[in-house]
Amino acid sequence: MSTSTEQFPHYIEFRHVYKTFDKPVLVDANFFVDSGQTVAIIGRSGVGKSVTLGHIMGFIKPDEGQVIVAHEDVTHCSEAEMSRVRKKVTMVFQSGALFDSLTVSENVLFSLEQRADYDEQNKEDVVEGLLKLVDIWDARDSYPNDLSTGYKRAVAIARALAAQPQCILYDEPTTMVDPIMSDHLAELMLRLKTQLGLTSVVVTHDLDLMNRVADAVVFLYQGTIIFFGPPNDLVKSEHPHIREFLELDRIVRGNAASAVQPAAP
């Protein structure tokens, strides 16, 4: 595995990445994420967003091109080598991937059990600190099945933070979450970025979330990156597929807002 901040100056980078399953899923994908940045990956379902995360985590290997993670070329890494990289880069799955038989505190504690640098009291203190950081200390004795989707995501973020990663990947963090919790998760992601300096990649359909947390946006269309740049430039894009996506989002938001308006007397 080759590594060098001079050779690989970006924390994450895709260099001419191609991936085909039954059909092309990523086609000559090029983008990068610098340390401390948050990059959002957006686009319709089935365009390669989750496959992109899979490449970063090493669950999927490219057919062609290079994948750089944590300033290292992980394109041809063994599973043992990727295990080391995954100590720096962790993922918050859409499902939360929590243990239903463990309480919220025990789920977070699970990530600390393999850490030799903490004694039992340290671990309890760290769990308390993490749950307070993500504002779910009041749910510490609850079980995942008793929690809303948004709370489960917050627990999953706390558990991910227990490993002290440099980078977190979020897979649709606000999907199936009510607006209040969605707002809370966005605030939490911003706080982790500013307080901890975390690097992040966020796959999302949520343009509000994108606008609030992203320094740069990757727009995928049929496996091709048709836009990579700041969110403010995305809304100015004249690309027809981007215009269509933004217009559809505007219509959906308008319909949702109309649905919650009180009926006229």
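The values are calculated or read from the model by the stated rules, or taken from the named source; none is laboratory data. These numbers were taken from a predicted model, which means no experiment stands behind them. Because the Cβ atoms are built from the backbone with ideal geometry, glycine has one as well, and the counts that use them run over all protein chains shown.
Numbers at a glance
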quantity: Filtered residues of segment 230-245 (kept if farther than 25 Å from residue 20 by Cα and surrounded by 14 or more Cβ atoms within 10 Å (Cβ to Cβ)); calculated: 231, 234, 237
quantity: Failed condition for residue 199, given (1) within 23 Å of residue 112 (Cα to Cα); (2) without any contact (Cβ under 8 Å) to a residue 24 or more places away in the chain; (3) crowded, with 16+ Cβ neighbours inside 10 Å; calculated: (2)
quantity: Unmet criterion (only one of (1) assigned by TED's automatic domain parsing to the domain that holds residue 209; (2) surrounded by fewer than 18 Cβ atoms within 10 Å (Cβ to Cβ); (3) at pLDDT below 90) for residue 3; calculated: (1)
quantity: Elements of type strands (runs of 3 or more DSSP E) contained in segment 5-107, each with 3 or more residues being within 21 Å of residue 225 (Cβ to Cβ); calculated: 12-20, 24-33, 38-42, 64-69
quantity: Cβ pairs under 7 Å, 6+ apart, first in segment 21-38 and surrounded by 16 or more Cβ atoms within 10 Å (Cβ to Cβ), second among the acidic types (Asp, Glu); calculated: 32/13; 37/215; 38/215
quantity: Filtered residues of segment 141-156 (kept if within 19 Å of residue 175 (Cβ to Cβ) and in contact with a Leu (Cβ under 9 Å, 6 or more places away or on another chain)); calculated: 144, 147, 150, 152, 153, 154, 155, 156
quantity: Residue match in segment 210-218 (condition: more than 30 Å from residue 22 (Cβ to Cβ), crowded, with 20+ Cβ neighbours inside 10 Å and not small (Gly, Ala, Ser)); calculated: yes
quantity: Within segment 159-184, tally of residues that are out of contact with any strand residue (DSSP E or B) (no Cβ under 9 Å at 6 or more places or on another chain) and either under 11 Å from residue 38 (Cβ atoms) or not β-branched (Val, Ile, Thr) (or both); calculated: 9
quantity: Count of segment 151-166 residues which are surrounded by 20 or more Cβ atoms within 10 Å (Cβ to Cβ) and either more than 17 Å from residue 130 (Cβ to Cβ) or of a type in the set (Gly, Ala, Ser) (or both); calculated: 5
quantity: Count - residues of segment 121-163 that are in contact with a helix residue (DSSP H, G or I) (Cβ under 9 Å, 6 or more places away or on another chain), polar (S, T, N, Q) and more than 27 Å from residue 48 (Cβ to Cβ); calculated: 2
quantity: Output for segment 39-57, where each listed residue is surrounded by 15 or more Cβ atoms within 10 Å (Cβ to Cβ) and small (Gly, Ala, Ser); calculated: 40, 43, 48, 50, 54
quantity: Pairs with Cβ under 7 Å, 6+ apart, first in segment 95-114 and within 18 Å of residue 148 (Cβ to Cβ), second in a loop (DSSP other than H, G, I, E, B) and among the polar types (S, T, N, Q); calculated: 103/142; 104/142
quantity: Within segment 120-221, helices (runs of 4 or more DSSP H) holding 1 or more residues that are modelled with pLDDT of 90 or more, under 15 Å from the mean Cα position of the chain (by Cα) and over 20 Å from residue 91 (Cβ atoms); calculated: 179-196, 207-213
